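Worksheet: one structure, shown below.
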Amino acid sequence: MHLTQGQFSFLPDLTDAEIKKQIEYALAQDWAVAIEFTDDPHPRNTYWSMWGTPMFDLKDPAGILMEVKACRAAQGDKYVKVLAFDSHRGFESLRMSFLVNRPKNEPGFELLRSEGPGRKVQYALRSYATGKPAGSRYG
Amino acid sequence: MKKSADSKITDMKERYRSGVLKYRQMGYWEPDYEPKDTDVLAVFRITPQDGVDPEEAAAAVAGESSTATWTVVWTDRLTDSEYYRARAYRIDPVPGTPGQWFAYIAYDLDLFEEGSIANLTASIIGNVFGFKPLKALRLEDMRIPPHYLKTFQGPATGIVAERERMNVYGRPLLGATMKPKLGLSGRNYGRVVYEALRGGLDFTKDDENINSQPFMHWRDRFLYCMEAVNKAMAESGEVKGTYLNVTAATMEDMYERAEFAGELGSVVVMIDLVIGYTAIQSMAKWARRNDMILHLHRAGHSTYTRQKNHGVAFRVIAKWMRMAGVDHIHAGTVVGKLEGDPNVVRGIYDTCRETHVPKNLEHGIFFDQPWASIKKLMPVASGGIHAGQMHQLLCHLGEDVVLQFGGGTIGHPMGIQAGAIANRVALETMIKARNEGRDIWNEGPQILADAARWCRPLGAALDTWKDVTFDYTSTDSVDYVATPTVAAG
């Protein structure tokens, strides 16, 4: 399967030059860029591992792109995403989120059905990868 | 202001002599009045009957929407009637429209029950709309003071929390209304939901008149829809939802349906505007208690919002609904099949989404409206829109909006999934281009054509709907600028 979380997952993978342009956009809006990675891509896994804290004081797109590359080099068999945090009143939340790396093989999710009375089904998603311990799930 | 026989009567004995007085004489016209920060303000478009002067008509509206009746009553003297009386304090002729005026009226905060849209509207759009001395009457805008706003819950979820729950940032959300509106069995209906969500939409939607008819009862629909939602989630790794319409004959029925939607794990339920303000507020409180996004379909509104001379402007309905506490509201598309002048729609979107909406007559906004900490209401653009308009939609409507392509998904020549893919690719392509600094208003068609070279479903969508526009002159437009055309560019 092809995980389609993030705002550009239906497009061909972004090149580094394209990633840099999106980082430039985020900085121009006065948002702080952050990088996160995971090997547990469940849609409700909110807290991916942080590649350091959001880069509030780094305003140089090339510098941020270097961090993206460093994260990718260290966590290349995992999902990596770039986020933009907006601290302005009325938002104070994420304003951007897009994948910049994904594992070569994405096994996807099993849909678990637990049947109850009255045809009622309780559903759960289980990532095929998370059957293995963290760190050895992909690649 | 001229002092005439029609001025407010200040001698109490004369003022309360039994009989009939003009509303001005009773004290409902006060041109020197300085509205208080705590006043509820309203501006009405009035069309007085021939021979009724506008000051008297404005005073009558103030009177009939607050304390007055047609004749003098001595029981006024048991109260601090000066205090409770609404005041018409300003009238402006409507530009370019002889015989119509904008009448501004101030109401003291104490006239209204806290947290009740029903109470507010029973005064403001109550008896007064049938009042004989007026040919027509339209409520154009209101200023709700923060003191009163803070007695309302506001959106159960709000835009920020909705995005956090859906895990969707940086682009409009995508939806589709299931078609045909009526007649599908539960099983067939769920198929359409699954295909659309699997293709790449975030939401699907019941239509306004899908409740629990003989061809598909509500429970059956909910069960099949949730199978579809969860299957699409497993295959995409994304959070998905379907607006399960819980509109029903009684509150008990609606609560039962909403509870069941919650038990099945739905993230969103839906109601129609026709259930009424009190039912809407009840459902908004239920939605807040149950972590549920509450979608409102504005079924019925065009019966009173569309004609400019009589009724209630939709910007006022949007304001009341943000106070009442829904999370989604259909708010116009500009380019689609339903009524929507660009400036009017802009004013409505601002009313839904901004934390402070400044007065802007060119967008139909007559007052500064601070929103205190009331959450933001997500506007929904739905009705006759397609992937080829993506650049226009983004320019007109911005990013915090649900774009709903019903026919534009389900009617795709390669199938429903292909329709959803076309919409999602068109959207992501356009967001990416906008962020890269490209001029999407002018380059939009080329940007879409370039993406269509690697995305066949998008190419097919563009071919199928390339010439479809709904470029009619709007019925409801603003009065302070010329009405521009819609789909140019």
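Looking only at residues that are under 26 Å from A:GLY135 (Cα atoms) and of a type in the set (D, E, K, R) in the stretch A:38-58, which one is farthest from the other protein chains (Cβ to nearest Cβ)?
A:ASP39
Taking strands (runs of 3 or more DSSP E) that fall entirely within the stretch B:233-328, which contain at least 3 residues that are among the aliphatic types (A, V, I, L, M)?
B:268-272, B:293-297
Take B:ASP479 and decide whether it is surrounded by fewer than 21 Cβ atoms within 10 Å (Cβ to Cβ), in a helix (DSSP H, G or I), on the phi < 0 side of the Ramachandran plot and more than 14 Å from chain A (Cβ to nearest Cβ).
For B:ASP479, the condition - surrounded by fewer than 21 Cβ atoms within 10 Å (Cβ to Cβ), in a helix (DSSP H, G or I), on the phi < 0 side of the Ramachandran plot and more than 14 Å from chain A (Cβ to nearest Cβ) - is not met.
Does at least one position in the stretch A:59-72 carry a residue that is crowded, with 18+ Cβ neighbours inside 10 Å, within 13 Å of chain B (Cβ to nearest Cβ) and closer than 25 Å to B:ALA234 by Cβ?
Checked the stretch A:59-72: no residue is crowded, with 18+ Cβ neighbours inside 10 Å, within 13 Å of chain B (Cβ to nearest Cβ) and closer than 25 Å to B:ALA234 by Cβ.
Please tell me if A:ILE35 is more than 9 Å from chain B (Cβ to nearest Cβ) and within 22 Å of B:GLU164 (Cα to Cα).
Yes; evaluated as a whole, the condition is true for this residue.
Which residues, counting only those in the stretch B:26-53, are buried (at least 20 other Cβ atoms within 10 Å of the Cβ), over 29 Å from the mean Cα position of the chain (by Cα) and either among the aromatic types (Phe, Trp, Tyr) or not in a loop (DSSP other than H, G, I, E, B) (or both)?
Passing the criteria: B:MET26, B:TYR28, B:TRP29.
Looking for whichever is away from every other protein chain (no Cβ under 11 Å) and closer than 20 Å to B:ARG353 by Cβ here; the options are A:SER87, A:SER114. Which one fits?
On inspection, the qualifying residue turns out to be A:SER87.
Any residue in the stretch A:120-135 that is at the interface with chain B (Cβ under 9 Å from one of its Cβ atoms) and at negative phi sitting within a Cβ distance under 9 Å of a residue that is outside any loop (DSSP other than H, G, I, E, B) and β-branched (Val, Ile, Thr)? List the pairs, counting only those 6 or more apart or interchain.
Listed pairs, sorted by first residue: A:TYR123/B:VAL229.
Given B:ARG434, B:ARG424, B:ARG438, which one is under 18 Å from A:GLN7 (Cα atoms), within 14 Å of chain A (Cβ to nearest Cβ) and in a loop (DSSP other than H, G, I, E, B)?
It is B:ARG438.
Going residue by residue through the stretch B:346-366, is there one that turns out to be in contact (Cβ under 8 Å) with a residue 40 or more places away in the chain, surrounded by fewer than 24 Cβ atoms within 10 Å (Cβ to Cβ) and assigned to a loop (DSSP other than H, G, I, E, B)?
Within the stretch B:346-366, one or more residues are in contact (Cβ under 8 Å) with a residue 40 or more places away in the chain, surrounded by fewer than 24 Cβ atoms within 10 Å (Cβ to Cβ) and assigned to a loop (DSSP other than H, G, I, E, B).
Tell me, yes or no, whether the stretch B:284-291 has at least one residue that is under 22 Å from B:ASP368 (Cα atoms), out of contact with any Lys or Arg (no Cβ under 6 Å at 6 or more places or on another chain) and either basic (Lys, Arg) or at pLDDT 95 or above (or both).
Within the stretch B:284-291, not a single residue is under 22 Å from B:ASP368 (Cα atoms), out of contact with any Lys or Arg (no Cβ under 6 Å at 6 or more places or on another chain) and either basic (Lys, Arg) or at pLDDT 95 or above (or both).
Can you pull out the residues in the stretch A:102-111 that are surrounded by 15 or more Cβ atoms within 10 Å (Cβ to Cβ) and either more than 10 Å from chain B (Cβ to nearest Cβ) or within 24 Å of A:GLY76 (Cα to Cα) (or both)?
A:ARG102, A:PRO103, A:GLU106, A:GLY108, A:PHE109
For B:ASP327, only one of the following conditions fails: (1) away from every other protein chain (no Cβ under 14 Å); (2) surrounded by fewer than 24 Cβ atoms within 10 Å (Cβ to Cβ). What is its number?
That leaves (2) as the condition not met.
Determine whether the stretch B:449-461 contains at least one residue that is more than 21 Å from B:ASP341 (Cβ to Cβ) and touching a Gly at 6+ places or on another chain (Cβ under 6 Å).
Yes, the stretch B:449-461 contains at least one residue that is more than 21 Å from B:ASP341 (Cβ to Cβ) and touching a Gly at 6+ places or on another chain (Cβ under 6 Å).
Report yes if some residue within the stretch B:381-397 is more than 18 Å from B:PHE470 (Cα to Cα) and in contact with a strand residue (DSSP E or B) (Cβ under 8 Å, 6 or more places away or on another chain); otherwise report no.
no
Considering only residues that are under 15 Å from B:LEU197 (Cβ atoms) and within 11 Å of chain A (Cβ to nearest Cβ), which ones fall in the stretch B:390-421?
B:ALA420, B:ILE421
Taking interchain pairs and intrachain pairs at least six residues apart, which have beta carbon atoms under 7 angstrom, with the first residue in the stretch A:1-28 and more than 8 Å from chain B (Cβ to nearest Cβ) and in contact (Cβ under 8 Å) with a residue 24 or more places away in the chain and the second in a loop (DSSP other than H, G, I, E, B) and aliphatic (A, V, I, L, M)?
none
Of the conditions (1) within 14 Å of another protein chain (Cβ to nearest Cβ); (2) closer than 23 Å to B:MET378 by Cβ, B:GLU227 clears all except one; give me its number.
For B:GLU227, the failing item is (2).
The values are calculated or read from the model by the stated rules, or taken from the named source; none is laboratory data. Every value quoted in this text rests on a predicted model; they were computed, and no experiment measured them. Here Cβ is always computed from backbone atoms with ideal geometry, including for glycine, and neighbour counts include all displayed protein chains.
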